[in-house]
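Below is one structure, written out as structure tokens; the observations come after it.
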Amino acid sequence: GQQLNQSPQSMFIQEGEDVSMNCTSSSIFNTWLWYKQDPGEGPVLLIALYKAGELTSNGRLTAQFGITRKDSFLNISASIPSDVGIYFCAGPESGGSNYKLTFGKGTLLTVNP
Amino acid sequence: NAGVTQTPKFQVLKTGQSMTLQCAQDMNHEYMSWYRQDPGMGLRLIHYSVGAGITDQGEVPNGYNVSRSTTEDFPLRLLSAAPSQTSVYFCASSYARDYAWVTQYFGPGTRLLVL
């Protein structure tokens with residue numbers, strides 16, 4: 001199956017700093033999704049991207065669909081303590097069911113107040 | 001609405017035991033799915049269903065059975081638990097339409113330990 005590679009695996013930052021993380025794949029994706037998982041809870045969708053080059057914002061979060069369609073980026077500006085959690089990229093299986101999502105391994109974000 | 005509920009929250013099993021993880025939703029969603037999450041790993045799809053009576057396999061279906069007799073419920077059965085099935089299990093539901101993930105809701109998870 002498809003694999004998504006996320007980097008970095010973890011980040012430890014100070015409150016107020018900006019954060020960047022990315023996700024790459026060896027195959028083309030038609031949709032890129034970014035989720036956040038708070039400790040002890042299920043993931044929640046943050047941003048969905050549908051076409052190459054697309055740049056979408058959700059508050060302090062901005063995500064981009066790479067032009068090659070093999071990567072995506074998530075930026076968080078002016079981080080706050082509640083940004084702590086695991087951020088996952090995901091996408092539906094290429095050429096298959098739209099219901100089958102492949103997830104990256106996640107980026108663990110820690111924010112020091 | 002209660003959203004997506006999962007029971008139990010925690011469970012300890014011995015190797016070879018069987019059990020059923022329950023998942024229910026009250027949003028009249030057609031699509032339901034089961035994922036497992038292991039330390040340092042993302043979520044991996046086990047099984048999914050696009051409606052009552054319809055199920056299909058995901059990425060890691062071996063060792064798990066599912067059925068969908070009603071729209072509301074989607075139980076996951078472990079017939080003979082193995083230590084490799086120690087994990088956190090998440091159930092999710094959404095409307096079965098294009099861009100289904102936009103309306104997808106995850107449950108709080110069931111933490112399973114197999115000894």
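The values are calculated or read from the model by the stated rules, or taken from the named source; none is laboratory data. Just so it is clear, the model here is predicted, and its values are computed rather than measured. Because the Cβ atoms are built from the backbone with ideal geometry, glycine has one as well, and the counts that use them run over all protein chains shown. Ligands, DNA and RNA are excluded from the accessible area calculation, which covers all protein heavy atoms including side chains. Shrake-Rupley method; radii C 1.70, N 1.55, O 1.52, S 1.80 Å.
The residue list A:Asn58, A:Pro8, A:Asn30 was ranked by how far each Cα lies along the charge dipole of the range A:1-62 toward its positive end, using unit charges on Cβ atoms, and A:Asn30 comes out on top.
Close amide H pairs (under 5 Å, H built 1.01 Å from N) link A:Gly66 with A:Gly53, A:Asp71, A:Ser72, A:Phe73, residues at least 5 positions away or on another chain.
Take the Cα of A:Ile28, step 7 Å toward its Cβ, do the same at A:Ala52, and the gap between the two points is 0.7 nm.
Amide H to amide H distances under 5 Å link B:Glu59 with B:Leu45, B:Ile46, where only residues 5 or more positions off or on other chains count and H is placed in the peptide plane. With all protein chains present, calculate the accessible area of B:Asp73 using a 1.4 Å probe and round the result to the nearest 10 Å². Spelled out: B:Asp73, probe radius 1.4 Å, area about 60 Å².
Would you mind working out the magnitude of the charge dipole of the protein assembly as shown relative to its Cα centre, with +1 at each Lys and Arg C-beta and -1 at each Asp and Glu C-beta, to the nearest 20 Debye?
Details: 15 positive and 17 negative charges, 99 e Å.
That gives a dipole near 480 debye.
For chain A, pairs of C-alpha atoms spaced more than 21 angstrom apart make up 31 percent of the total. The loop-placed chymotrypsin sites (Phe, Trp or Tyr not before Pro) in the range A:40-113, going by DSSP, that have at most 16 neighbouring Cβ atoms within 10 Å of their Cβ come out as A:Tyr50. Rolling a 1.4 Å probe over the protein heavy atoms leaves A:Lys51 with an accessible area of roughly 140 Å². Radius of gyration over Kirkwood radius for the range A:1-41, both on Cα atoms: the Rg/Rh ratio is 1.02.
What's the Kirkwood radius of the protein assembly as shown in Å, using all Cα pairs?
18.1 Å
B:Lys9: which lysines have alpha carbons under 30 Å from its alpha carbon, excluding same-chain residues fewer than 8 sequence positions away? In chain and number order, the partners are A:Lys36, A:Lys100, A:Lys105. When the alpha carbon gyration tensor of the range B:8-102 is reduced to an equivalent ellipsoid, its three semi-axes come out at 23, 15, 12 angstrom, largest first. Taking A:Ser27, B:Ser18 and ordering them by how much accessible surface each has at a 1.4 Å probe, largest first, produces B:Ser18, A:Ser27. Counting only protein heavy atoms and a 1.4 Å probe, tell me what percentage of the range B:15-115's accessible area is made up of carbon and sulfur. Its accessible area is 51 percent carbon and sulfur atoms.
For the B and A pair, go ahead and give the buried accessible area with a 1.4 Å probe, both sides summed, in Å² to 100. Don't skip to the answer; put the middle values down first.
Values: alone 6200 and 6180 Å², together 10580 Å².
Counting protein atoms only, the buried area is about 1800 Å².
Per residue, how many Å² of accessible area does chain A show with a 1.4 Å probe?
That works out to 47 Å² for each residue.
All other residues whose Cβ lies under 14 angstrom from that of B:Gly107 are scored, Lys and Arg at +1 and Asp and Glu at -1, for a net of -2.
Rolling a 1.4 Å probe across all protein chains gives A:Thr68 an accessible area of roughly 90 Å². Taking amide H as placed 1.01 Å from N in the peptide plane, the amide H of A:Lys105 sits under 5 Å from that of A:Gln6, B:Gly42, each at least 5 places away or on another chain. Structure remark: mean-square fluctuation, Gaussian network model of chain A, C-alpha springs under 10 Å; the largest value among A:Pro39, A:Pro92, A:Pro81 belongs to A:Pro39. Taking all protein chains together, B:Thr103, B:Thr55 sort by accessible area into B:Thr55, B:Thr103, largest first [probe 1.4 Å].
For B:Arg68, B:Arg44, what's the largest-to-smallest order of accessible area, 1.4 Å probe?
Details: B:Arg68 10, B:Arg44 60 Å².
So the residues, ranked largest to smallest area, are B:Arg44, B:Arg68.
Just checking the listed ones, B:Met19, B:Met32, B:Met41: in the Gaussian network model of chain B with Cα springs under 10 Å, the one fluctuating most is B:Met41.
Inside 10 Å of the C-beta atoms of A:36-44, what's the mean count of C-beta atoms belonging to other chains? Mind showing how you got there, number by number?
Details: counts 0, 6, 0, 0, 5, 5, 16, 9, 3.
Per residue, the number of nearby Cβ atoms from other chains is 5 on average.
Largest mean-square fluctuation among B:Tyr48, B:Tyr95, B:Tyr35, in a Gaussian network model of chain B whose springs join Cα atoms under 10 Å apart, belongs to B:Tyr95. Looking at the square roots a ≥ b ≥ c of the eigenvalues of the Cα gyration tensor of the range B:1-60, which shape do they give, rounded for a/c under 1.5, prolate if a/b is larger than b/c, or oblate? It comes out prolate by the Cα gyration axes. Based on protein heavy atoms only, the range B:1-83 ends up with 48 Å² per residue of surface accessible to a 1.4 Å probe.
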